[in-house]
1. Under unit Cβ charges (Lys, Arg +1; Asp, Glu -1), what dipole magnitude, rounded to 20 debye, does region 353-406 have relative to its Cα centre?
2. Which shape class applies to region 3-106: rounded if a/c is under 1.5, otherwise prolate when a/b exceeds b/c and oblate if not, where a ≥ b ≥ c are the square roots of the Cα gyration tensor eigenvalues?
3. Just going by the charge dipole of region 101-206, with Lys and Arg at +1 and Asp and Glu at -1 on Cβ, which of G167, G200, A156 is farthest out on the positive end?
4. Net charge around G167, counting only other residues with Cβ within less than 9 Å of its Cβ (Lys, Arg = +1; Asp, Glu = -1)?
5. Quick check: net charge around T444, other residues with Cβ under 10 Å of its Cβ, Lys/Arg +1 and Asp/Glu -1?
6. Tell me whether region 172-253 comes out rounded, prolate or oblate; compute the Cα gyration tensor, take square roots of the eigenvalues as a ≥ b ≥ c, and use a/c under 1.5 as the rounded threshold.
7. In whole Hz, with x marking every Gly and Pro, tabulate ³J(HN,Hα) for region 296-310 from phi via Karplus 6.51 cos²θ - 1.76 cosθ + 1.60, θ = phi - 60°.
8. Report the antiparallel proportion of the DSSP beta bridges in the chain as a percent, rounded to a multiple of 5.
Amino acid sequence: MKTLRIGGGAGYSGDRIEPALELAERGELDYLVFECLAERTIALAQQARMKDPALGYDPLLEARMLAVLKTCADKGIRIVTNMGAANPLAAAAKIREIAVSLGLHGLKIAAITGDDVLDRLRHGDYVDDSGEPVQALGERLLSANAYLGAQPLVEALAQGADVVVTGRVADPALVLAPAIHAFGWAMDDWQRLGQGTLAGHLLECAGQVCGGYFADPGCKDVPDLARLGFPIAVIGEDGSVEITKVAGSGGKVTTATCTEQLLYEIHDPAAYLTPDVVADFSAVTMRQAGLDRVTIHGASGHPKSGMLKVSIGYIDSYVGEGQISYAGPGALARARLAQEIVASRLALTGVALTEVRYDLIGVNALHGERLAPTAEPFEVRLRVVGRADSMREAIRVGNEVETLYTCGPAGGGGATRSAREVVAIRSTLVPAELVATAIHFEET
């Protein structure tokens, strides 16, 4: 039976680069996939593009391509990625520039556009998942990107693309598209589309399915995490899936690691909504087929909904933060006094905050006072975080914490302060027929 080997080269924007090179060099791949967009990543990329029209793609695109592009070209490995973020056209141009610098000729790079539906939402009658009209966000609205499905990627591959770079697409589509192209699956073959979506879902977080994030010393031990290998999906023409990794790389692939990844971010295992298929993972079974080899069967699917999720990025607020540490005898008492001082100062000076939080890291930051340690800690770090409607007010939070150096309890040290704009995310739905995609080519 014909099979396809697809490597998961990244699971988020800042992921490690060397495991992808290991996949390219030793994974005997047909495709290398980089999944680099989180929910708010594209909104941050849109901000970067607004400052410089030549930017807006993934910050590590250049480094990743410099690491793997020549190896992939030499071995005939095709690359599929969403590193285009808010600017797939600029990303494709950058990849072409890198390819030329590496002496690669005859490389065909496809950029997929059409996911940006900001203008449509600005002027349309849409309600987001908070129940508010999208238009009510006004000037705070930064981005609106629909989750595209596999179809435009399949078309780009059919037209000979060696590299396909997109903006917002459904994560599993990055893996599903090569399978559809390679095997000629019909776009209404729900059984195979469901199984291909399962393969994409297992690969989309890269190292997680190989033991990263799974690890819990003494309970779930994972070897050599510093050299964690990234996964390979071996997909059969019938939709069968095997998850493995490069022999000798760190981590492990077991039914347990695959089960945890299967359940990751799944709202309903029987009805996982994607642009291509409503996938059903409720009858999935797994078998350990050998060392670092797990076979997975039983996924299926149902007709797609006809609607596309749109991720909306907007400026929500501004957050100011300050931290300072206390150590030695009486550390907790001094940290509590420091907290009281900052709280009083924020009130006395009239800092306009909509929300404020005080954490004694190591004491109550995660579980509150109910589960605070009974023994006196020998070191405590005070963290004060405030939310405001302006950067000016947010900055004042960290300033008050820093003044504890000279106006607070004895022995404070290691103070830090920061303030940042908060980009938040909401979602809505649009009919799929209202989203038009296009393919643009760059060639060397």
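Nothing in this text is a laboratory measurement; each read-out follows from the coordinates by a stated rule. This structure is a prediction, so every number in the text was calculated from the model and none was measured. Every residue, glycine as well, gets a Cβ built from its backbone with ideal geometry; the counts of neighbours run over all protein chains shown.
1. On the way: 7 positive and 9 negative charges, 24 e Å.
Dipole about the Cα centre, nearest 20: 120 debye.
2. oblate
3. A156
4. With Lys, Arg at +1 and Asp, Glu at -1, the net is -1.
5. -2
6. prolate
7. Listing the rounded values in order: 10, 9, x, 6, 9, x, 9, x, 5, 6, x, 10, 10, 6, 10 Hz.
8. Among the beta bridges of the chain, antiparallel pairing accounts for roughly 80 percent.
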